[in-house]
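Asker: Below: one structure in structure tokens.
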């Protein structure tokens with residue numbers, strides 16, 4: 001038997017809106033079956049059954065506001081409800097059925113489940129709808145349990161978060177624990193944002209959709225980097241002493257039709273072409289409002305693409321229990337990619353290395369001649385132009401790496417460097 005809880009997908013949200021309940025009490029579900037959909041302030045999510053079994057003690061309705069971490073149902077291997085669950089069902093089902101257009105507070109729901117009837121019914125039902133607290137028959141007994149405590153996981157000393165994506169626990173070393181403690185004591189914001197400028201020329205593409213975009217490249221190369229050189233970024237903050245390391249890399253990207261922000265899981269792919277095909281199919285389903293359950297499964301990192309707008313700067317917010325999020329905007333001669341990361345999981349230098357390698361890999365997809373023609377080449381030290389350097393009889397600039405990045409020097413500056 002296992003309790004199914006509302007997960008915290010956004011550090012700033014203590015409650016979510018239940019948009020659709022897909023199961024009923026007593027129904028048998030297979031592992032991975034969609035149970036319900038919910039909205040946060042950032043996106044729409046779908047929660048799947050973590051194991052196979054029977055649904056009992058279903059606590060949510062479509063249109064209901066539910067607290068993060070609250071128990072919404074129980075999955076059991078027993079085909080019959082436990083006595084306490086059967087009692088709840090008999091006492092409260094008929095009442096709840098008549099309140100489908102109402103929002104129930106947690107306190108009101110617990111009073112309904114105890115068998116009490118509200119004195120008045122309106123769009124919002126709270127404990128006050130049942131009369132005085134003294135008439136509430138042990139209201140305190142129904143409110144005092146661990147599921148009524150909402151913990152802010154954006155701060156230190158929080159309760160552990162058990163991800164729906166398979167993970168293993170990594171112990172945090174002493175230095176990092178001290179850093180987490182210091183950050184939590186001095187700030188409520190535990191993230192930082194870094195950015196890179198990707199100057200590009202023309203791109204060779206199979207699909208016109210990506211002729212003026214790098215969304216697919218950012219997703220594809222980030223996916224490959226997390227599986228190889230930067231597997232340590234495919235983690236999330238579990239508690240002050242542990243990190244959860246995901247056993248899979250699941251890329252996600254955000255779509256917004258102007259009224260609803262949704263993060264989609266790109267699905268299974270092995271090549272860039274397969275990834276592009278997946279994105280095109282998902283965007284089509286999104287526009288037709290025919291998204292599949294698999295489109296809404298949890299992801300391990302998110303990419304937001306605003307390059308089709310006029311903005312040239314952004315500070316993306318980390319989505320759910322992830323380590324980082326990437327945001328794409330337009331820039332002169334190309335794009336800028338901004339990444340926000342969680343200091344409790346990684347360091348600024350490490351994330352800068354990730355962004356730098358991501359930039360290098362993306363540039364490999366573009367025509368080098370067009371790339372060279374689109375940017376101004378000058379000596380790093382004296383600003384001498386390439387044309388002027390060649391007029392002096394030299395072949396061109398000399399490329400060096402002084403530890404802080406690649407630079408171009410003319411022959412004169414190189415000799416005196």
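The values are calculated or read from the model by the stated rules, or taken from the named source; none is laboratory data. None of the values given here were measured: they were computed from a predicted structure. Cβ placement follows ideal geometry from the backbone for every residue including glycine, while neighbour counts extend to all protein chains displayed.
Asker: In the range 240-256, which residues are within 18 Å of the chain's Cα centre (by Cα) and farther than 25 Å from residue 274 by Cβ?
Answerer: 243, 244, 245
Asker: Within the group 334, 293, 356, which residue is within 20 Å of residue 215 (Cα to Cα), touching a strand residue (DSSP E or B) at 6+ places or on another chain (Cβ under 6 Å) and not assigned by TED's automatic domain parsing to the domain that holds residue 22?
Answerer: 334
Asker: Going by the structure shown, is residue 19 at pLDDT below 85 and surrounded by 13 or more Cβ atoms within 10 Å (Cβ to Cβ)?
Answerer: So residue 19 does not fit the description; no.
Asker: Then there's this: Go through the range 299-319 and give me each residue that's assigned to a loop (DSSP other than H, G, I, E, B) and closer than 20 Å to residue 225 by Cβ.
Answerer: Within the range 299-319, 299, 300, 316, 318, 319 qualify.
Asker: Please verify whether residue 389 is in a helix (DSSP H, G or I) and modelled with pLDDT under 90, treating the condition exactly as stated.
Answerer: When the stated conditions are applied, residue 389 passes them.
Asker: Does residue 345 fit the bill of being assigned by TED's automatic domain parsing to the domain that holds residue 229, part of a loop (DSSP other than H, G, I, E, B), modelled with pLDDT of 90 or more and crowded, with 20+ Cβ neighbours inside 10 Å?
Answerer: So residue 345 passes the test.
Asker: Could you list, in sequence order, the residues of the range 263-276 that are touching a residue at least 12 places away in the same chain (Cβ under 8 Å) and part of a helix (DSSP H, G or I)?
Answerer: The answer is 272, 273, 275, 276.
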